[in-house]
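S.K.: Just passing along the structure, written as structure tokens.
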Amino acid sequence: MKFAVVVFPGSNCDRDMYHAVKDGLNEEVDMVWYQEADLSQYDAILLPGGFSYGDYLRSGAIASTSDIVAQIKEAAEAGKPILGVCNGFQILLETGLLPGAMLPNRDLKFICHHEELQVENNETMFTSKYQEGEKIQIPIAHGDGNYYCDKSILGELKQNDQIVFTYTNNPNGSTGDIAGIVNEQGNVLGMMPHPERAVESLLGNEDGLRLFQSILTYWRNNHAIHA
């Protein structure tokens, strides 16, 4: 399986994502500059955390206008796994690939620590290695991680089982305690916590590795069916 980590000006978690795939999965992965990337050759697209364009205007807003977004949307429409973490989640929201928006954290402070999440849906291509209702530890590091959506969107997310992860102790004020959601098709996941920072015991735990293993398992199963 071949992964692409899309690098924008200001991305700073791209190497973490690269390490998670290269050393955690032992799969092929490239860091691709957003202006030069040809995403058609990749099986999965990863949008890392950081501060794309310095978070000027609004987190993820400027990155969402770049030319590569058309390729990301094409990959999403083709059913390829798209994972956006932290700033990557913000970009997915700004592009309209996921519903809702990001606000500053409830206490208007940057938060950086391990946070307990609950797995709400383990039947996605990103979560098959988890148990439904399982509690996992994943680091967070953000200042604008307060996920917001109105009641109608929240109702749709619940009805369609699009809420994948929730916080057990909501640290930033997110609507519905939401930490991660997928699109209706189920192949685009946006989450604020950083699974790529929890892929080996040296980093504290390996709870995040299973997310990447889930993607790989899905791809292998799907590839075997269509090979």
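The values are calculated or read from the model by the stated rules, or taken from the named source; none is laboratory data. For clarity, every value in this text was computed on a predicted model and none was experimentally measured. Glycine also receives a Cβ, built like all others from the backbone with ideal geometry; neighbour counts cover every protein chain displayed.
S.K.: For segment 30-60, give me the residue count where each residue is without any contact (Cβ under 8 Å) to a residue 40 or more places away in the chain, in a strand (DSSP E or B) and farther than 21 Å from LEU203 by Cβ.
M.R.: Residues in segment 30-60 being without any contact (Cβ under 8 Å) to a residue 40 or more places away in the chain, in a strand (DSSP E or B) and farther than 21 Å from LEU203 by Cβ: 3 in total.
S.K.: Another question about this same structure. Given (1) surrounded by fewer than 16 Cβ atoms within 10 Å (Cβ to Cβ); (2) in contact with a Pro (Cβ under 7 Å, 6 or more places away or on another chain), where does ILE138 come up short, assuming only one miss?
M.R.: (1)
S.K.: ASN12 is checked against (1) under 16 Å from MET191 (Cα atoms); (2) surrounded by fewer than 21 Cβ atoms within 10 Å (Cβ to Cβ); (3) not aromatic (Phe, Trp, Tyr) and fails just one. What number does that condition carry?
M.R.: Looking at each condition in turn, ASN12 falls short on (1).
S.K.: Specify the residue that is surrounded by the fewest Cβ atoms within 10 Å (Cβ to Cβ); the eligible residues are those in segment 15-29 that are over 17 Å from the mean Cα position of the chain (by Cα) and outside any helix (DSSP H, G or I).
M.R.: Here the residue is ASN26.
S.K.: Now for a different question. Would you point out the residue of segment 137-173, among those that are among the small types (Gly, Ala, Ser) and under 16 Å from the mean Cα position of the chain (by Cα), that is farthest from VAL199 (Cα to Cα)? Can you show your working first?
M.R.: First pass over segment 137-173, keeping only residues among the small types (Gly, Ala, Ser): 141, 143, 145, 152, 155, 173.
Of the ones still in play, those that are also under 16 Å from the mean Cα position of the chain (by Cα) are 141, 145.
Numbers: ALA141: 16, GLY145: 22 Å.
Once the filter is applied, the top-ranked residue is GLY145.
S.K.: Another question, then. Restricting attention to segment 52-106, which residues are on the phi > 0 side of the Ramachandran plot and modelled with pLDDT of 95 or more?
M.R.: GLY79, CYS86, GLY96, GLY100
S.K.: Tell me, which strands (runs of 3 or more DSSP E) wholly within segment 69-122 include 3 or more residues that are surrounded by 19 or more Cβ atoms within 10 Å (Cβ to Cβ) and among the hydrophobic types (A, V, I, L, M, F, W, C)? Give the steps one after another, and end with the answer.
M.R.: Values: elements: 82-85, 101-103, 111-119.
The strands (runs of 3 or more DSSP E) meeting that bar are 82-85.
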